[in-house]
Structures are given as structure tokens and as C-alpha cells.
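Take a look at the structure below.
The values are calculated or read from the model by the stated rules, or taken from the named source; none is laboratory data. For clarity, every value in this text was computed on a predicted model and none was experimentally measured. Cβ atoms come from the backbone with ideal geometry, glycine included; neighbour counts cover every protein chain shown.
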Amino acid sequence: MSYYIFLKRLTQMIETPIKLIGNPASPYTRKMIAYLRFKRIPHQVIWGDVSDVLKPMNIDPPKPILLPVFLLPRDGKLTAVTDSTPLIEEFENSYPDRPVYPEDQSLRFINYVLEDFGDEWCTKYMFHYRWHFAEDADNAGTLLPLGIMSNISDDELAFFKDNFAKRQIDRLWVVGSNDETAPFIDQSYKSFLEILENHLKIQPYLLGSSPSSCDFAVYGQLTQLMVRSLEDRSGLEVKENNLTLSDLPQTIHDLFKEMSTSYVPTMIANKKAIDEGRDEWDIDLDKGKWKQKSFPYQAKCLAWIKEEYEKLDTDKKDEVFSFLQLNHCESLVESNE
Ligand SMILES: N[C@@H](CCC(=O)N[C@@H](CS)C(=O)NCC(=O)O)C(=O)O
């Protein structure tokens, strides 16, 4: 072990456990806890309301407040920060053991896209099945406040349920879940599950024999739909992963083909709407019409994907482009200014 790594570990041991504020009903919280457990990074989860937790600590809440919120040193000061994907990148740099990024550059890019697909598209399944149907919304409306505070009266529960459910149901429009898109989401979800099931018969994780960051992203969303498989992988002994893009099984190609009919065209249409200053947009896709409110964060995600692609060596760029093209996803990295 180099002196530098030794010192870094020592600092980490003093600074840890890493604190995060989350909620079991938050898919991104579940993504990050499963990640921290797999990495064997000491951490402490604070289950509570972000503002209530931060106020006595004299820490400003992040803007916007999104779960999970991590408390990490910034300029020597404990600061509240969010956004799982860049946070995983930061942790991967400080905790290099048990990496969740594939070694091969092209596969690493594919992992980046799949992580974004998990965060930005699979979340539509989660949100849709939680809030679109009255019976599910009624169930979630009761369970979600109880996940934050269980010792409340029936009247208080009814109050929180009403407010919480109303706020989230109003947000269905933002993620694109509505009567018109409901069959589309349902079809995409079933097709995704079928591909995943076929894939998991061949490999235990999306990109090989140990989890990559994309597994945690997809898993986080699926926890809310009753999947528990990746909850604690701290006991998994990791073998070296020498896979390259050409080793990917057909099932990952199938997954990208599915994404080419849903995630990819909607990410691009959303970016176009934002660039043109439109508040909402719709697009005719093979499987039906899609419409949603413009979502600035997802336009940023698309820009990040392009940035990751531009970082690749030329031969890897060619390799990745051929893979994407084969699966009709090349527009993800093409310039469409
Ligand atoms: N891009 C963020 C998304 C986090 C996020 O959307 N969290 C949800 C809970 S799972 C949230 O806090 N939603 C509250 C809101 O949208 O106001 C990440 O990857 O961490």
C-alpha cells in the first residue's frame, strides 16, 4: 500500500462513518445504501426530515432538497450535498477497493448510460406504479408518511397522507405518467423485466460477476417494486473483472434495443424542448405517444453522457458507437444541437 493511500485511509477512518439522510421509500437512498454496503464503507443513515436534521447541526440544506442528502467535507466544512451519480464517482476515487466501474473504458461508458437509464427511466416505472392507480396511491399515501414517523395519531396521519399524496400525484406530470402514457410505461416495464430475467440467468449482475454502479441505480428503483436482491452485498468476494464490450451477452443488446424505443428518444426530445424554451413536450414513438413536462435535470444528464463519450480514446469511441448503432441508440452521443 502506498504512503498516499495509507494516509487517505487514515483520514477516511477519522472522518467516517459517512452520514447520509434518507428514507426507505426513496429509491436513490436505497441505491446509495446498497452501494455503501457493497463497498464496505462505514456509514450512518439518519432516517428523518432533512431540514429537521440539519437545523441543529447548523448546516444549510441543499437546493433543491433531494434524497438522499450526504454530509461530506467541502472546503474543510461539513456540507449537505446530493446527486447519487457524481457522488458515486467521488467515492470511487476515495475508496478504490471493490470498484463499481468496469475496468474496460468502453464498458465503463455503457455502465454510465445504464446508470442513467436506471435513474432517469426506471424511476418512471417506480413513480407510475406508486401514484397513478388510485388503490396504489392510497397505499403509498399511508405507508410513506409512516416510514418517516410512525408514532402519530390517525388525524395526523390523515393530514400527512393527504398532503404528501397530493404533492406526489401532482408530480406525475413531471415524470410523464398520465392516462395516455400509462400503456407505454406498462409495456416498457414488462419488456424490461423480461430482458432482465433472461439476463440474470446468464450473469448475476448487469455487466459481469460483481455489481457495477448501474446495478445499484436499477436496483434502487426496483426496491420500491419489491426487489430486495442487492440490499447487502458486503459479503460478496469480488473477482477480477476483465470483461470487454464484445463479451456482453445478447441480453444487454436487447436492453439497449428496448431503451432505443423509450429512454433514448425521450431524453433527446426533452433536451430539444428545453433548448427551445418549451415547458412541456410530446413525441410520437413506435409504441405510442409520450408526453411530459420539460425536465431540466434530464437535459443535464444527456449532456453528461455526451461528455463521458467525448472522454473516450478514439478506438473506444468507435467501438462504443458501433455498439450503440447496432442497438439504435447512437443518437445518445451524436450532436443534436
Ligand atoms: N438525481 C438525484 C435524484 C434524487 C431524487 O429525485 N430523490 C427523490 C426521492 S427518491 C426526492 O428527493 N424527491 C423529492 C422531490 O422531487 O421533491 C440523485 O441521483 O440522487
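Would you check if there is a residue in the stretch 73-81 being surrounded by 18 or more Cβ atoms within 10 Å (Cβ to Cβ) and not basic (Lys, Arg)? Give the steps one after another, and end with the answer.
In the first step, residues of the stretch 73-81 are kept if they are surrounded by 18 or more Cβ atoms within 10 Å (Cβ to Cβ); the result is 80.
From what's left, not basic (Lys, Arg): 80.
Checked against the condition, which is being surrounded by 18 or more Cβ atoms within 10 Å (Cβ to Cβ) and not basic (Lys, Arg), the stretch 73-81 yields at least one hit.
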Worksheet item: Can you tell which of LEU146, LEU87, LEU114 is assigned to a helix (DSSP H, G or I) and modelled with pLDDT under 95?
Response: LEU146
Item to complete: Give the stretch 206-229 a look and list any residue that's at pLDDT 95 or above and either β-branched (Val, Ile, Thr) or within 14 Å of ILE252 (Cβ to Cβ) (or both), or say none.
Response: LEU206, LEU207, SER212, CYS214, ASP215, VAL218
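If you go through the stretch 123-148 one residue at a time, how many are among the small types (Gly, Ala, Ser) and surrounded by 15 or more Cβ atoms within 10 Å (Cβ to Cβ)? I'd like the intermediate steps shown before the answer.
Just the residues of the stretch 123-148 that are among the small types (Gly, Ala, Ser), to begin with: 134, 137, 140-141, 147.
Filter once more, so that each one left must be surrounded by 15 or more Cβ atoms within 10 Å (Cβ to Cβ): 137, 140-141.
Qualifying residue count for the region: 3.
What do you reckon, is SER262 among the polar types (S, T, N, Q) and modelled with pLDDT under 95? Outline the logic, then answer.
Working: among the polar types (S, T, N, Q): yes; modelled with pLDDT under 95: no.
No: the conditions fail for SER262.
Considering only residues that are within 24 Å of LEU302 (Cα to Cα) and assigned to a loop (DSSP other than H, G, I, E, B), look in the stretch 212-265 and name the one that is farthest from the ligand (Cβ to nearest atom).
THR244
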Worksheet item: Restricting the first residue to the stretch 289-311 and requiring it to be outside any strand (DSSP E or B), which pairs with a second residue that is of a type in the set (Gly, Ala, Ser) and surrounded by 17 or more Cβ atoms within 10 Å (Cβ to Cβ) meet a Cβ separation below 7 Å and a spacing of at least six or different chains?
Response: SER294/ALA273
Worksheet item: Would you call ASN151 surrounded by fewer than 16 Cβ atoms within 10 Å (Cβ to Cβ) and either more than 19 Å from PHE295 (Cα to Cα) or modelled with pLDDT of 95 or more (or both)?
Response: yes
Discussion item. I'm trying to understand the selection: among the residues of the stretch 13-47, which are within 11 Å of the ligand (Cβ to nearest atom) and among the polar types (S, T, N, Q)?
Written reply: ASN23, SER26, THR29
Item to complete: Considering each of ALA158, ALA140 in turn, give the residue that is at pLDDT 90 or above, under 28 Å from ASP49 (Cβ atoms) and within 14 Å of the ligand (Cβ to nearest atom).
Response: ALA140
Worksheet entry | Any hit, the stretch 120-134, residues being under 16 Å from the mean Cα position of the chain (by Cα) and under 20 Å from TYR309 (Cβ atoms) | yes
Discussion item. I need a count of the residues in the stretch 192-211 that are over 19 Å from the mean Cα position of the chain (by Cα) and in a helix (DSSP H, G or I).
Written reply: 7
